[in-house]
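Asker: The structure under discussion is supplied below as structure tokens; questions concerning it will follow.
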Amino acid sequence: MLVHPDIDPVAFSIGPLAVRWYGLMYLAGFAAAWWLGMRRIGRGRALITRKQFDDLIFAAVLGVILGGRLGYVLFYKPAHYAANPLEILAIWQGGMSFHGGMLGVILAMWIYARRQGLDFLRLADFVAPLCPLGLAAGRLGNFINGELYGRVTDVPWAMVFRHAGDAPRHPSQLYQFALEGVALFVLLWWFSSRPRERGQVSAMFLMGYGVFRFVAEFGREPDAFLGLLAFGLSMGQWLSLPMIGAGLWLYAWARR
């Protein structure tokens, strides 16, 4: 049995400003996406210029933050935030949804593509392989904070998390790091390294993330205020099923 290291969530402070590990992970994720995108642009494998990509990254940051927060509000605690609307702005208290962040990025890309006269699906195919390393960084942030821990288990690598009692649990953040981050990146980078039909890379992202998240959720402790929902599935699993379905439909449509 392992014990989660008691890591201070604040990486360092500059006067009254506290810089948290989770924020640094977000920064690392966007930096990785920018670097990978610039590599492909430099090799002539993108439909946008470096200047356009810089603007797109800025739009994506806004999409992740606004979409992630609003997704958490609507998907996870709608009644609470309806009664306390000012708390919606308190993002420093935690509460971000990947699925909401993804919808925010999709909306940001759609608006940007329309304004620039770009093909939205081709733009999405370019962006999709850049995202998984950012997801991996986010899960490392969850692990450092000791949050979103797993279900109680007796596997040899089980870990005791602070604020979660004395029972050993799955280090589900690391499962998600490996699946949604590393494995999805390898899959998409390989798949997108050859010419594909318009929309197929985006479809592979939807299917890959949906399946990996669905599997990883079996090891993750459900949110205490929600528990397991219908058929014993978590909210994360229910939100992943439409992703898988949309990915299958888009892949079939692209082949036609």
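Asker: So is L179 open to solvent by less than 40 Å² (accessible area, probe 1.4 Å), at pLDDT 95 or above and either closer than 22 Å to R220 by Cβ or not in a loop (DSSP other than H, G, I, E, B) (or both) or not?
Answerer: No: the conditions fail for L179.
Asker: Which residues, taken from segment 246-256, are open to solvent by 40 Å² or more (accessible area, probe 1.4 Å) and either more than 19 Å from F205 (Cα to Cα) or over 18 Å from the mean Cα position of the chain (by Cα) (or both)?
Answerer: L248, W249, Y251, A252, W253, R255, R256
Asker: Hey, can you tell me all the residues within segment 205-222 that are open to solvent by less than 60 Å² (accessible area, probe 1.4 Å) and out of contact with any Ser or Thr (no Cβ under 8 Å at 6 or more places or on another chain)?
Answerer: Within segment 205-222, F205, L206, M207, G208, F212 meet the criteria.
Asker: Scan segment 29-53 for residues that are over 23 Å from A108 (Cβ atoms) and open to solvent by 100 Å² or more (accessible area, probe 1.4 Å) and jot them down.
Answerer: R43
Asker: Between a first residue in segment 112-127 that is closer than 15 Å to F191 by Cβ and in a helix (DSSP H, G or I) and a second residue that is open to solvent by less than 20 Å² (accessible area, probe 1.4 Å) and aliphatic (A, V, I, L, M), which pairs have beta carbons less than 7 Å apart while being 6 or more apart in sequence or on different chains?
Answerer: Taking only residues 6 or more apart or on different chains, the pairs are A124/M109; D125/V201; V127/M109.
Asker: Do we find a residue being of a type outside the set (D, E), free of Cβ contacts under 8 Å to residues at least 24 places away in the same chain and outside any helix (DSSP H, G or I) anywhere in segment 50-59?
Answerer: No: zero hits.
Asker: Might you check whether a residue that is touching a residue at least 40 places away in the same chain (Cβ under 8 Å) and open to solvent by 50 Å² or more (accessible area, probe 1.4 Å) occurs anywhere in segment 225-239?
Answerer: The answer is yes, given that some residue of segment 225-239 is touching a residue at least 40 places away in the same chain (Cβ under 8 Å) and open to solvent by 50 Å² or more (accessible area, probe 1.4 Å).
Asker: For the subset of segment 8-28 comprising residues that are assigned to a loop (DSSP other than H, G, I, E, B) and open to solvent by 50 Å² or more (accessible area, probe 1.4 Å), which member is nearest to L140 (Cα to Cα)?
Answerer: This residue is D8.
Asker: Now for a separate question. In this structure, does G138 turn out to be at pLDDT 95 or above and closer than 17 Å to M102 by Cβ?
Answerer: Taking the combined requirement at face value, the residue does not satisfy it.
Asker: So which of L74, L103 is in contact with a Gly (Cβ under 6 Å, 6 or more places away or on another chain), free of Cβ contacts under 8 Å to residues at least 60 places away in the same chain, closer than 25 Å to G247 by Cβ and part of a helix (DSSP H, G or I)?
Answerer: Unique residue meeting the criteria: L103.
Asker: Could you please find all residues in segment 150-176 being part of a loop (DSSP other than H, G, I, E, B) and open to solvent by 60 Å² or more (accessible area, probe 1.4 Å)?
Answerer: Result: D154, P156, W157, H163, D166.
The values are calculated or read from the model by the stated rules, or taken from the named source; none is laboratory data. Just so we're clear, the structure is a prediction, and the values are computed from it rather than from any experiment. Using ideal geometry, Cβ is built from the backbone for each residue, glycine included, and neighbour counts are taken over all protein chains shown. Areas reflect the complete protein model, heavy atoms only, side chains present, ligands, DNA and RNA absent. Shrake-Rupley method; radii C 1.70, N 1.55, O 1.52, S 1.80 Å.
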